[in-house]
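Reading through the structure tokens given below for one structure.
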Amino acid sequence: MLWMTSSSTSPSEEIDVSILKRKLTKEFFSIGFPAFIQLAAEPLAALVDTAYLGRLGPEVLGGAGVAISAQYSVSKLYNDPLLRTSISLVASQDGLARGAGDEDNEEVAEQNRKKLSVAVSSALLLAFLVGTIQLVVFLVLANSITRGMGVTSANPMWHSAVSYLRVRALGTPAATLWLVTNGIFRGLGDTRTPLIYSFFFTALNAILDPLFIFTFHFGASGAAAGTALAQYTALIPLMLALNRKVKIEVLGQLSELKSSLRAYLQAGGLVMFRTLGKVLAYSVCARQAALLGSVGAAAYNLTFQLGFATTQICEAVAVAVQTLLARELADNKSHTPAVKAKVVRHLINTSLWIGGGVATTLSLTTFLQRDSVLRGLTTNVAVQKASATIFPAVLTTQVFKGLAYPVNGIVMGGLDWVFTMIAMWAANFVCVGMVRFWSLGGAVPTLNQIWWALAAFMATQVVTGVLRYQSKTGVWKVLKGDQD
């Protein structure tokens, strides 16, 4: 395979590399498994809100759904930049600190600890500022935003939508800090601690929601209040746990934070533009599916949800490889160039084998059980038939997704921000270009064509990412040491 190469080293070095590879593989799973559990459990908080609000009638549930969609459409653009940059930049600084070995004096070690503190503190400061800006925007413009979502004051969903949006806005600083604190922990290679507090948050949310919704009769805003309060309550011990690992200090080192903030803003801007390309590609495909009528749209949404397990697992793989690669690439002292090249190559190979292997296994299992899977997801025979006809394209997309997530994690682990942005827009152009081509002459692309466009979207990310690190240029020149 293109990414499977080896290099020659001395027998003693081979033994050291073998031990190091086993250690990194163990660490890979220790990061990836808790991350997967948390990623799979996080949607439970939203399900708790939905379950309780559903008892108040469609107007309340629909109004809350409008508010959630409005917030999601904005948060999607900043979530990825804040999370991805905090993981890579903190892991990179952690790698520099670890690279300061025993031969370095205490003064150098202290400088590295301070730099790590600056990286962590600046990430939290940026998260707080972004969350506060959102708080003001959603509070002040709640009415305008709700109208922009197509709900007017005459609509029975209006009150629930506006009240949920305003109360939930009060929790945006906590939500943003929660996101970035999780990213920092991941960058430090610790996904177990945030998992524990994630369970605490979900449990507390399940307790507070009915209290505010039913006991206090707050309705939709009660669900927002319960979620916000639960997140603030869980955030405090999570940040205290982080402070025990790395000193959090903002006011005492404001001057030092400036350069770190610039790095976050520069990288975050590129990742935000990357995310825009991703969101637009999905939006174009979803809009085209909607033009196919109720059956076509339902089949698209149903098959889109089939990738949930693949997404969560491969996202966890991406987190693990991004963290470990950023750390190992930044550490220029612990290993010789040849050993470092083997370590980097091992992490790349591990992530691709796991991501691709899991996605392929899940896809084959789903394909073999497609009839029972479809019957379990819908009782509508027309939707079942429409979904069954596109299964090959859907599952091919999932296989490519299983490779695309780790590849993107690899590139981001190298802090290769410009390339990851370019690669995503190249994938966007391929996907949207295929849809536009099939739309020529006023034609409406079929469901099968839409899914093949999505498969090409994922495949383009894989191909460009592999070509990037195989070029052995820029940050990837480290792989030149991996030669026969």
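Somewhere in region 286-307, is a residue in contact with a helix residue (DSSP H, G or I) (Cβ under 8 Å, 6 or more places away or on another chain), open to solvent by less than 60 Å² (accessible area, probe 1.4 Å), under 26 Å from M412 (Cα atoms) and of a type in the set (A, V, I, L, M, F, W, C)?
Looking through region 286-307, none of the residues is in contact with a helix residue (DSSP H, G or I) (Cβ under 8 Å, 6 or more places away or on another chain), open to solvent by less than 60 Å² (accessible area, probe 1.4 Å), under 26 Å from M412 (Cα atoms) and of a type in the set (A, V, I, L, M, F, W, C).
Does T215 satisfy the criteria of being open to solvent by 50 Å² or more (accessible area, probe 1.4 Å) and modelled with pLDDT of 95 or more?
no
State the number of residues belonging to region 110-132 that are without any contact (Cβ under 8 Å) to a residue 12 or more places away in the chain and either open to solvent by less than 10 Å² (accessible area, probe 1.4 Å) or more than 22 Å from the chain's Cα centre (by Cα) (or both).
Residues in region 110-132 being without any contact (Cβ under 8 Å) to a residue 12 or more places away in the chain and either open to solvent by less than 10 Å² (accessible area, probe 1.4 Å) or more than 22 Å from the chain's Cα centre (by Cα) (or both): 2 in total.
Mind checking which residues of region 461-477 are open to solvent by less than 30 Å² (accessible area, probe 1.4 Å) and farther than 17 Å from V418 by Cβ?
V462, V466
Please work out which one of (1) assigned to a loop (DSSP other than H, G, I, E, B); (2) surrounded by 20 or more Cβ atoms within 10 Å (Cβ to Cβ) is the condition L208 fails and give its number.
(1)
So which pairs qualify, if the first residue must be in region 370-381 and within 15 Å of V394 (Cα to Cα), the second must be in a loop (DSSP other than H, G, I, E, B) and not charged (D, E, K, R), the Cβ gap must be under 8 Å, and the two must be at least 6 apart or on different chains?
V373/L306
Being under 17 Å from I390 (Cα atoms), in a helix (DSSP H, G or I) and not polar (S, T, N, Q) is the filter here, so list the residues in region 435-472 that pass it.
Listed by number, the residues that qualify are V435, W438, L447, I450, W451, W452, A453, L454, A455, A456, F457, M458.
Just to be sure before I move on: is D80 crowded, with 23+ Cβ neighbours inside 10 Å, within 24 Å of the chain's Cα centre (by Cα) and charged (D, E, K, R) in the structure I sent?
no
Residues are listed down the side, and each one gets a yes or a no for (1) crowded, with 17+ Cβ neighbours inside 10 Å; (2) modelled with pLDDT of 85 or more; (3) under 21 Å from T275 (Cα atoms):
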position: M1; (1), (2), (3): no, no, no
position: T9; (1), (2), (3): yes, no, no
position: I31; (1), (2), (3): yes, yes, no
position: G57; (1), (2), (3): no, yes, no
position: S73; (1), (2), (3): no, no, yes
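Looking at I236, I213, I313, can you tell me which residue is assigned to a helix (DSSP H, G or I) and free of Cβ contacts under 8 Å to residues at least 40 places away in the same chain?
The conditions single out I236.
Can G442 be described as surrounded by fewer than 22 Cβ atoms within 10 Å (Cβ to Cβ), in contact with a Gly (Cβ under 9 Å, 6 or more places away or on another chain), over 14 Å from V344 (Cα atoms) and at pLDDT below 95?
So G442 does not fit the description; no.
Given the options L44, L39, L89, name the one that is on the phi < 0 side of the Ramachandran plot, in a helix (DSSP H, G or I), open to solvent by 60 Å² or more (accessible area, probe 1.4 Å) and touching a residue at least 60 places away in the same chain (Cβ under 8 Å).
After ruling out the rest, the residue left standing is L44.
Among the helices (runs of 4 or more DSSP H) confined wholly to region 99-182, which include 2 or more residues that are among the small types (G, A, S), in contact with a strand residue (DSSP E or B) (Cβ under 7 Å, 6 or more places away or on another chain) and under 16 Å from I248 (Cβ atoms)?
Output list is empty.
Please specify each residue of region 218-230 satisfying the condition of being farther than 17 Å from V162 by Cβ and surrounded by fewer than 22 Cβ atoms within 10 Å (Cβ to Cβ).
L229 - this is the single residue of region 218-230 that is farther than 17 Å from V162 by Cβ and surrounded by fewer than 22 Cβ atoms within 10 Å (Cβ to Cβ).
In this structure, does V343 turn out to be open to solvent by less than 20 Å² (accessible area, probe 1.4 Å) and part of a helix (DSSP H, G or I)?
Taking the combined requirement at face value, the residue satisfies it.
Tell me whether region 173-196 contains one or more residues that are more than 20 Å from Q71 (Cβ to Cβ), open to solvent by 40 Å² or more (accessible area, probe 1.4 Å) and not charged (D, E, K, R).
For region 173-196, residues more than 20 Å from Q71 (Cβ to Cβ), open to solvent by 40 Å² or more (accessible area, probe 1.4 Å) and not charged (D, E, K, R): present.
Does G268 satisfy being in contact with a Phe, Trp or Tyr (Cβ under 9 Å, 6 or more places away or on another chain) and either buried (at least 21 other Cβ atoms within 10 Å of the Cβ) or closer than 18 Å to L124 by Cβ (or both)?
Criteria met by G268.
The values are calculated or read from the model by the stated rules, or taken from the named source; none is laboratory data. All of these numbers come straight from a predicted model, not from anything done at the bench. All Cβ positions, even for glycine, are placed from backbone atoms using ideal geometry, and neighbour counts span all protein chains on display. Ligands, DNA and RNA are excluded from the accessible area calculation, which covers all protein heavy atoms including side chains. Shrake-Rupley method; radii C 1.70, N 1.55, O 1.52, S 1.80 Å.
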